[in-house]
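The values are calculated or read from the model by the stated rules, or taken from the named source; none is laboratory data. Everything numeric here is computed off the predicted structure, so don't read it as measured data. Positions of Cβ are backbone-derived with ideal geometry, glycine not excepted, and every protein chain shown enters the neighbour counts.
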Amino acid sequence: MNDDDLLARHFEEQRPRLRAVAHRMLGSAAEAEDAVQDTWLRLSRAGTDEIDNLPGWLTTAVGRVCLDRLRARGVRPEQPWDDGGEPPGPVDVEPADPEREAVLTESVGRALQVVLDTLAPTERFVFVLHDMFAVSFDEIAPVVDRSAAAVRQIASRARRRVQLSGHVEVDPARQRRVVEAFLAASREGRFDDLVALLDPHVVLRADVAATHQAATPEARGSAAVAAFFNGRAQAAVPAYVDAAPGAVVVVDGQIRVALTFVVGDRILAIESVVDPERVAALDVVVGEPASR
């Protein structure tokens with residue numbers, strides 16, 4: 001198999017995910033297919049010599065294509081969902097229970113409709129890539145020419161708009177219960193339960209200050225992330241961090257550590273924030289009930 005064939009095979013492996021990203025951003029099956037094809041053309045021109053993380057590169061690339069298309073719509077009204085296909089379902093491509101799939105698909109459709117109707121293109125881009133596909137703020141920032149801190153604020157603003165509309169992809173109360181279950185399993189050292197709550201491709205990211213406290217800068221995969229948290233989180237308490245379910249460690253009345261979670265069907269990503277300036281910039285509400 002030559003290099004071109006290998007590149008095409010890797011791209012086809014990522015096509016379902018890329019189609020889901022594009023469909024959620026654009027709300028049109030036909031436009032999503034066009035965006036995915038444009039992404040393939042970009043990849044074929046770029047090559048892979050300098051691409052360390054091909055799935056991440058492709059996710060960001062298709063998001064950039066969609067952002068350009070959204071901006072090109074200009075002052076025209078947002079386009080409604082078309083009839084060219086069903087709204088995208090879960091990211092996982094393995095077979096799922098049909099009833100559960102239908103519920104999730106309906107939920108995703110409602111959430112995206114709200115995103116399309118209420119969010120500006122940059123907000124939409126940040127919301128979809130981070131909150132639905134766990135792309136880090138550091139990866140998103142160069143695409144929208146903002147700092148990672150500014151992108152975090154954009155995500156928080158978009159998240160609040162979606163939540164206030166009453167239509168979110170996943171019920172916030174359910175997200176909160178997943179986080180609470182994860183913290184309990186972490187404290188009690190229940191490794192298998194931790195793995196069950198994590199997406200197989202989950203990513204744990206830590207800021208520089210956290211790595212100075214012996215945390216790993218990044219860990220990937222449910223087993224690695226579960227091993228890191230197994231027996232930990234003894235002092236962590238549930239909180240809302242930038243309007244999303246999370247957790248904090250409070251010492252002498254000060255937040256020392258903030259954990260943010262991206263929760264889909266399971267936990268897709270966790271970020272550990274320790275740097276005092278970054279922690280101070282977060283909007284944290286501690287001890288909110290799951291029905292918030």
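Annotations
- One residue alone among E139, E180 is under 22 Å from V285 (Cα atoms), among the charged types (D, E, K, R), modelled with pLDDT of 90 or more and under 20 Å from the mean Cα position of the chain (by Cα), and that residue is E180.
- Here A235 does not fit the description of being small (G, A, S), under 23 Å from E188 (Cβ atoms) and touching a Gly at 6+ places or on another chain (Cβ under 7 Å).
- Any chance T105 is closer than 30 Å to R9 by Cβ, among the polar types (S, T, N, Q) and modelled with pLDDT of 85 or more: no
- Residue match in the stretch 216-224 (condition: in contact (Cβ under 8 Å) with a residue 24 or more places away in the chain, within 17 Å of F133 (Cα to Cα), outside the structural domain of D138 (by TED's automatic domain parsing) and in contact with a helix residue (DSSP H, G or I) (Cβ under 8 Å, 6 or more places away or on another chain)): yes
- Test: R45 is assigned by TED's automatic domain parsing to the domain that holds L119, surrounded by fewer than 14 Cβ atoms within 10 Å (Cβ to Cβ) and among the basic types (K, R): yes
- Some residue of the stretch 108-120 being at pLDDT 85 or above, within 17 Å of V65 (Cβ to Cβ) and of a type outside the set (F, W, Y): no
Residues checked against (1) in a strand (DSSP E or B); (2) exposed (fewer than 15 other Cβ atoms within 10 Å of the Cβ); (3) at pLDDT below 90:
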site	(1), (2), (3)
A215	no, no, yes
V225	no, no, no
A239	yes, no, no
G246	yes, no, no
V249	yes, no, no
I255	yes, no, no
F261	yes, no, no
E277	no, yes, yes
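- Residue within the stretch 2-17 that is at pLDDT 90 or above, within 21 Å of the chain's Cα centre (by Cα) and loosely packed, with under 14 Cβ neighbours inside 10 Å present: yes
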